[in-house]
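Q: Below is one structure. I have some questions about it.
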Amino acid sequence: MMRAGEETYEQNYDHEVVVTTDGLPAWLDPVVRAADTVEPEQLSRFLPPESGRGRQSAVLILLGEGSNGPELLLMERAGSLRSHPGQPSFPGGALDPEDGDPATTGPLRAALREAEEETGLDPAGVQIFGVLPKLYIPVSSFVVTPVLGWWRTPSPVGAVDPAETARVFTVPVVDLTDPANRATAVHPSGHSGPAFMVEGALVWGFTAGVIDRILHFAGWERPWDRAKQVPLDWRS
């Protein structure tokens, strides 16, 4: 697992990506500590196959400061996509060959590249401060590296390609921790997991699972009713 630190990598963009915790706001300290200590099995029961099977990918977990305090950048995938259509998610996607080594530089480059392609954000304003362990999404066979970023210099964002992104939005962390916005989502297959009812969307699946664990290990989680269930077609 790549830890938060001081490593520098060459980047496809016109600037270098520096994985560093220097200059972060104090409220991110719990997330930095969590990223530096959490083990893969503490994040998910779905871990990459030992065989190495699966498509390497990365997502950008981008935290910034908004008018209501700390906030998280999310997007809603286009309904026409083959993988996870219409689902709220972190910006991200599969690694391209030019992204580099999946074990080192690749996930960093892919996370920023995909976020720029999907939301239009300027990667120069993002400070990467940590990388979580690789996780696995069985339904799509993606091996996902979650990359943690601080939105040091916010830039305008929005759906760049409607065929790929339905909308881009930010969610205040205070809304994510509000017990009234939390529930257990139940899939028709019988699988259940944490969900967040925010910004008119139901965040569930892989994205909600990672958010749930970040809130927990950062010490931000508030007690919520896990017996409260919502269907996947929930809308406010």
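The values are calculated or read from the model by the stated rules, or taken from the named source; none is laboratory data. Since the model is a prediction, treat every value here as computed from it, not as a measurement. Please note: Cβ atoms are built from the backbone with ideal geometry, for glycine as well, and neighbour counts cover all protein chains shown. Surface accessibility is based on the protein's heavy atoms, side chains included, excluding ligands, DNA and RNA. Shrake-Rupley method; radii C 1.70, N 1.55, O 1.52, S 1.80 Å.
Q: Please state the shape class of segment 126-208: rounded when a/c is under 1.5, otherwise prolate if a/b exceeds b/c and oblate if not, all from the C-alpha gyration tensor.
A: rounded
Q: Turning to a different aspect of this structure: Determine the gain in length on full extension of the stretch residue 232-residue 189; use 0.36 nm per residue of separation and subtract their C-alpha separation, reporting nm with one decimal.
A: 14.3 nm
Q: For the chain, build the charge dipole from Cβ charges (+1 Lys, Arg; -1 Asp, Glu) around the Cα centre, then report which of 156, 144, 231 sits farthest towards its positive end.
A: Ranked along the dipole, the leading option is 231.
Q: Also, quick follow-up: When you have a sec, figure out the Kirkwood radius of segment 193-236 from all distinct Cα pair distances and drop it here in Å to one decimal?
A: 11.1 Å
Q: What part of the accessible area of segment 107-236, given as a whole %, is carbon or sulfur when the probe is 1.4 angstrom?
A: Carbon and sulfur atoms account for 55 percent of the accessible area of segment 107-236.
Q: When a/c is below 1.5 the answer is rounded, else prolate if a/b is larger than b/c, else oblate, so apply that to segment 55-131 with a ≥ b ≥ c taken from the square roots of the Cα gyration tensor eigenvalues.
A: oblate
Q: Considering only the chain, what is the antiparallel percent among its DSSP beta bridges, to the nearest 5?
A: Percent antiparallel among DSSP bridges in the chain is about 75.
Q: Rank 27, 224 by accessible area, highest first, at a 1.4 Å probe radius?
A: Per-residue accessible area, sorted high to low, gives 27, 224.
Q: Have a look at the chain and give its Rg and Dmax from the Cα atoms, expressed in angstrom.
A: 16.6, 49
Q: Which value, in Å², gives the accessible area per residue of the chain when a 1.4 Å probe is used on the protein heavy atoms?
A: 45 Å²
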